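Student: First the structure, which I've put down as structure tokens, then a few questions once you've had a look.
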Amino acid sequence: MQACTQRLNASTTRSLANPACATATARATHAAPVRASASRSVPSSHARSAHSRNRSARNASSNDKLNAGMPTSIGSPVASKAAAETEDSVLCRSVEEKRTPLINLEGGRQISYVRCSCSKCQGLVMCGDKQLLPTAVTPSHYDLHLTPNLQTFAYDGEMTVKLTVHEPTDAVTFHARDLKIASGVVLDSAGAERTNPGGPDVLYGDEGQETATVALARPLTEADVGSTVTLTVKFTGELNDKLAGFYRSAYPAPENPEETRYLAVTQFEPTDARRCFPCWDEPALKATFGMTLTVPDDRVALSNMPEATVSKDAAAKTKTVTFQTTPVMSTYLLAFCVGEFDFIEADTPEGVTVRCWTPVGKKEQGTFALDTAVGSLSFFGEYFDSPYPLPKMDMVAVPDFSAGAMENWGLVVYRASLMLYEEGKTPVNAKQRIGYVVGHELAHQWFGNLVTMEWWSQLWLNEGFATWVGWRAMDHLYPEWRVWSQFLVNEQSMGLGLDSLRSSHPVEVPIAAAAQVTEIFDAISYSKGSCVIRMLESHLGEATFREGMRLYVRRHAYANAGTTDLWQALSEASGEDVAGLMSCWTAQTGYPILTVASSPNGDDGETVVSVSQRRYLASGPDSLNDAENAVTWKVPLRAGDAFEASVPDLLETDMAVFDVSQSQRDESAMGALKLNLGQSGFYRVAYDASERARLKRAIPNMDEVDRVGIVSDAFACGASGYASTVDALELLDAYRADASYVVWSDVASGLGGLTAAFFEQPDDVTEALGRFGANLFAPLVERLGWEGERGPDEEDEEDAYQTQLLRQLAVARALAFEEPKAVAEAKRRFEAYVAGDAGAVPADLRGAVFAAALRGGGAAEFEQLKALYESADSSLEESLVLGAMGASKDADIIRAALDFNVTDAVRKQDGAAIVGSAAGSRAGKRVVWDWVRENWDAVEGKFGGGGVSSGLTRIIGASCAGLASEADAEAIEAFYLPKKIEGADRTVSQAAEAVRARAARVERDAETVGKWLLAQ
Ligand SMILES: [Zn+2]
């Protein structure tokens, strides 16, 4: 899944300690957090069976117990707490885990659980508080038939699942949420009913459990173990408006845009398959799926696999489409979609048909995504040495989608703005984002779908890897993008930003209950995960790394695996102890900062250099406690060939001291000692004054990624107090002639962080900072102009592409710093644009120009933006306008924009755009924070209850992201924490911590930096 959709504007909004992505994550629902000790409501005998999965209760007396206390008929939802309390106390929270031997499942498949070391569990549980289903029976094949009604938004469902019996049991428990179950019938292998024929004997779990249980009037006994029984459940559900489960999405009727119609589509990851149909909704419980949909006969019906049969009912004007059976896979990857679409298609060289499904009349907008998909599927087939395993790949763009895109096997669903591309209308950074997201989702077809994480605590394996290899695919397909430079300003800076907080988490994070899963679709799983993989690849070498990946995919195809399995495969390929090297990066929160200091050693230019490490925290070195101070990492130093004889490969202790000769410095291409060459390491470096002076002279000779690394580290160290911000500002002299987009992107980011922290400094200081920024970016705008050649006609494609990105950034920053000439030009162009000259504002500059027009204008410009929003003909255009609508300096207009945000005019998926835009400006930060608190009910009413990366959590993050005082941090906690918004706690504590770090920076920097700025 691509959970973060905020990065589109990263170049204009990013700041250090609060990457937009970090807040663009979790789901919030009204359900109470699951507490293991109080959540059991199934009968006690059944609960015990769940706790003792390995204790094969295969004797008569245990069967007697299983029967005791079992209700025979429960017709309505019941939450039975009876008898649950005592036995529930055996649920453990132990964290020491060991893999169990493999268990044989249907069809020769095997699964392996994590064994809890707790003395009470004694067996096959993945730790008692992980809220796992009992494994007395496990699914091998589902047949699911759904009949959605696109007018009433109700659907009927019938699900028959084949279950393998592993243990005697008196009940069958599965996941179900927001479903009405009419009946549940269990037939044994002989066809005899085991449920009460007078049923239905269905017991719903507590809200937090999201389960239902079918009671067995005649329990499954030892004699049934090893046999296959079937469970048939009839149920109804709602095509909800929560963007989770099986939900509806509105679109204008193709022949009459005034008419609103609805399509129905699924989003199941992580735990919303259970909102659509009863199932065993855990990633390790893979099964095959036979999907059938009965839909209006004029609609397109899609699922993971190609159609097998279609039968029509002329009277009912419906068709029933049955799809081919899927390979074994996890429930969260099942998908289907019913709507009106056009498509374009192409075959990969390997013969897989790829189709892009677009809104009717817009199929040519799928061309770029289609080309990228065809290239990516071929690339990954070769990379993993394993052909794409399904016969087809459908990709569909839907108007409402909470995440960016979802990698369902064979049916990838995208937010429309992340799949549809229009030449001349889609900005260059949005095009790049589309390419990257396609690569990411298709990487998952192998890494995630074919080999799946065992449990959600391993989410980073899916997401970190898909992120990294998605970029690798783009490097292959679009070399002119210079992907690995951009990786730094996207993934690496986001990962380093979020992981600089104490409230961050390790890459491998314990996940107890479903509700917590949504919290970790964040920059740690995605960005830090991808960075540590890149660091490892650069350590092992590309070919060795690929060999290990191939081994891993081959070994675990159609099954589940964890981090240790990946390290095992890479160790076999490389002969190195990969687990020993990597555990500090995946099991520990945070990362190190290396401090480099040198002193002369004699007269011949030799220096004694010391490199020491300690944890980097946004709150600064003084805030480290003893335990934090004691943590070390195994850090690849990467000083380059010239220093090979002196500098160790790996810093494994807290300090290393070595001699560096003048001849080594002379031999180095850059003439200075720079660590983390190539910037593949996930850490920061601070240099003392003498090394910094050498580096500053060497900057023009450095590669692009190293130039980025120097300035990025300098601003980060300034922001957190590991060095002075003035040092970073003075370094900028060395960059004035730089022509690299990524370098300037990082400079913009560094200044953006400073501007955000200083928003309540005196006017003369903020104005001086604005002038400083304007003076940096104005010469770039002067040099590049507002428009230029674009496309394949330009002689050097790479130069043309990079120039396009740099122009977009330079104009956006010049406008944000209110450079007068740029502001006047934006105003002129905006006026021509709203007067009907669509070409007056180049596509790349549209968002920045809209914001500038509102910033310099008033109510009239606000109304003009609203009109542009209403007439937008793509969701990308809509989001560009929304992203500008909070940019006013007038508090009344900002409030009007925030009021507009809670009207029906704004889609749920876009809920954070206006809030983020307003919170990004000096004038807006306080207005947003006050408005959100005053209007919380409206905000929660509209955006609450959704799936992963719900609008609500993003809004929470954006509402307070810009503040910079201790009092604000306390107010944030006081307002949000008592609300106990599910899945939002981490966002709140991260926001408060980032605000405190900014407050500390103001305390530290305000005077010296203010003086420095005023002297410029
Ligand atoms: Zn993903």
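The values are calculated or read from the model by the stated rules, or taken from the named source; none is laboratory data. Here the structure is a predicted model, which means the values were calculated and not measured. All Cβ positions, even for glycine, are placed from backbone atoms using ideal geometry, and neighbour counts span all protein chains on display. Ligands, DNA and RNA are stripped out before the accessible areas are found, and what is left, the full protein with its side chains, is counted by its heavy atoms. Shrake-Rupley method; radii C 1.70, N 1.55, O 1.52, S 1.80 Å.
Student: Please give the number of the condition L501 fails out of (1) out of contact with any strand residue (DSSP E or B) (no Cβ under 8 Å at 6 or more places or on another chain); (2) in a helix (DSSP H, G or I).
Tutor: (2)
Student: For region 431-453, how many residues are touching a Leu at 6+ places or on another chain (Cβ under 9 Å) and open to solvent by 10 Å² or more (accessible area, probe 1.4 Å)?
Tutor: Final tally of qualifying residues: 2.
Student: Something else about it: Can you name every residue in region 365-408 that is within 15 Å of the ligand (Cβ to nearest atom), more than 19 Å from the chain's Cα centre (by Cα) and of a type in the set (S, T, N, Q)?
Tutor: S376
Student: Take the residues of region 902-915 that are in contact (Cβ under 8 Å) with a residue 60 or more places away in the chain and crowded, with 23+ Cβ neighbours inside 10 Å: which is farthest from G752 (Cα to Cα)? Walk me through it before giving the result.
Tutor: The initial filter retains those residues of region 902-915 that are in contact (Cβ under 8 Å) with a residue 60 or more places away in the chain, namely 907-909, 912.
In the following step, the residues that additionally are crowded, with 23+ Cβ neighbours inside 10 Å were identified as 909, 912.
Values: Q909: 26, A912: 19 Å.
Ranking the candidates gives Q909 first.
Student: Continuing with the same structure: I'd like to verify a number: residues in region 409-425 that are away from the ligand (no atom under 16 Å from the Cβ), touching a helix residue (DSSP H, G or I) at 6+ places or on another chain (Cβ under 8 Å) and part of a loop (DSSP other than H, G, I, E, B), how many?
Tutor: Counting residues in region 409-425 that are away from the ligand (no atom under 16 Å from the Cβ), touching a helix residue (DSSP H, G or I) at 6+ places or on another chain (Cβ under 8 Å) and part of a loop (DSSP other than H, G, I, E, B) gives 5.
Student: Taking the condition of being open to solvent by less than 10 Å² (accessible area, probe 1.4 Å) and modelled with pLDDT under 95, how many residues in region 963-975 meet it?
Tutor: So the answer is 1.
Student: Hey, could you check region 342-391 for residues that are assigned to a helix (DSSP H, G or I) and in contact with a Ser or Thr (Cβ under 6 Å, 6 or more places away or on another chain) and say which is farthest from W409 (Cα to Cα)? Lay out the reasoning, then the answer.
Tutor: At the first step, the residues of region 342-391 found to be assigned to a helix (DSSP H, G or I) are 363-383.
Pick out the ones that are also in contact with a Ser or Thr (Cβ under 6 Å, 6 or more places away or on another chain) and you get 365-366, 374, 377-378.
Working: Q365: 23, G366: 19, V374: 15, L377: 13, S378: 16 Å.
The selected residue is Q365.
Student: Only one of these is open to solvent by less than 30 Å² (accessible area, probe 1.4 Å), in contact with a Gly (Cβ under 7 Å, 6 or more places away or on another chain) and farther than 26 Å from G245 by Cβ: A958, A918. Name it. Before the answer, list the steps.
Tutor: Details: A958 fails: farther than 26 Å from G245 by Cβ.
Sole residue among the options that is open to solvent by less than 30 Å² (accessible area, probe 1.4 Å), in contact with a Gly (Cβ under 7 Å, 6 or more places away or on another chain) and farther than 26 Å from G245 by Cβ: A918.
Student: If you go through region 432-445 one residue at a time, do you hit one that is within 14 Å of the ligand (Cβ to nearest atom), in a loop (DSSP other than H, G, I, E, B) and over 21 Å from Y262 (Cβ atoms)?
Tutor: Yes, that holds for at least one residue.
Student: Which one is farthest from the ligand (Cβ to nearest atom) among residues in region 473-485 that are assigned to a helix (DSSP H, G or I) and either of a type in the set (S, T, Y) or crowded, with 24+ Cβ neighbours inside 10 Å (or both)?
Tutor: First pass over region 473-485, keeping only residues assigned to a helix (DSSP H, G or I): 473-477, 479-481, 483-485.
If we keep only those that are either of a type in the set (S, T, Y) or crowded, with 24+ Cβ neighbours inside 10 Å (or both) too, we end up with 473-474, 485.
Values: A473: 13, M474: 15, S485: 22 Å.
It comes out as S485.
Student: How about region 608-637: which of its residues are of a type in the set (K, R) and touching a Gly at 6+ places or on another chain (Cβ under 6 Å)?
Tutor: Here is the first cut: in region 608-637, the ones of a type in the set (K, R) are 614-615, 634.
Within region 608-637, R615 is the sole residue that qualifies.
Student: Tally up the residues in region 723-733 that are under 17 Å from G773 (Cβ atoms) and open to solvent by 20 Å² or more (accessible area, probe 1.4 Å), please.
Tutor: Keep residues of region 723-733 that are under 17 Å from G773 (Cβ atoms), which gives 725-726, 728-733.
Restricting the remaining residues to those that are open to solvent by 20 Å² or more (accessible area, probe 1.4 Å) gives 726, 730, 733.
Adding up the residues that qualify gives 3.
Student: What about R555, is it in contact with a helix residue (DSSP H, G or I) (Cβ under 8 Å, 6 or more places away or on another chain), within 23 Å of Q445 (Cβ to Cβ) and charged (D, E, K, R)?
Tutor: yes
Student: Just one of the numbered conditions (1) of a type outside the set (A, V, I, L, M, F, W, C); (2) out of contact with any Cys (no Cβ under 6 Å at 6 or more places or on another chain); (3) closer than 27 Å to E877 by Cβ is not true of G366; which one?
Tutor: (2)
Student: With in a helix (DSSP H, G or I) and open to solvent by 10 Å² or more (accessible area, probe 1.4 Å) as the only criterion, which of G752, G773, G718 stands out? Explain how you work it out, then say what you get.
Tutor: Values: G773 fails: open to solvent by 10 Å² or more (accessible area, probe 1.4 Å); G718 fails: open to solvent by 10 Å² or more (accessible area, probe 1.4 Å).
So the residue among G752, G773, G718 that is in a helix (DSSP H, G or I) and open to solvent by 10 Å² or more (accessible area, probe 1.4 Å) is G752.
Student: Further question on the same structure: Hey, could you check region 450-472 for residues that are assigned to a strand (DSSP E or B) and touching a helix residue (DSSP H, G or I) at 6+ places or on another chain (Cβ under 7 Å) and say which is farthest from the ligand (Cβ to nearest atom)?
Tutor: Of region 450-472, the ones assigned to a strand (DSSP E or B) are 451-453.
Narrowing the set further to residues that are touching a helix residue (DSSP H, G or I) at 6+ places or on another chain (Cβ under 7 Å) leaves 451, 453.
Working: V451: 14, M453: 11 Å.
Selected residue: V451.
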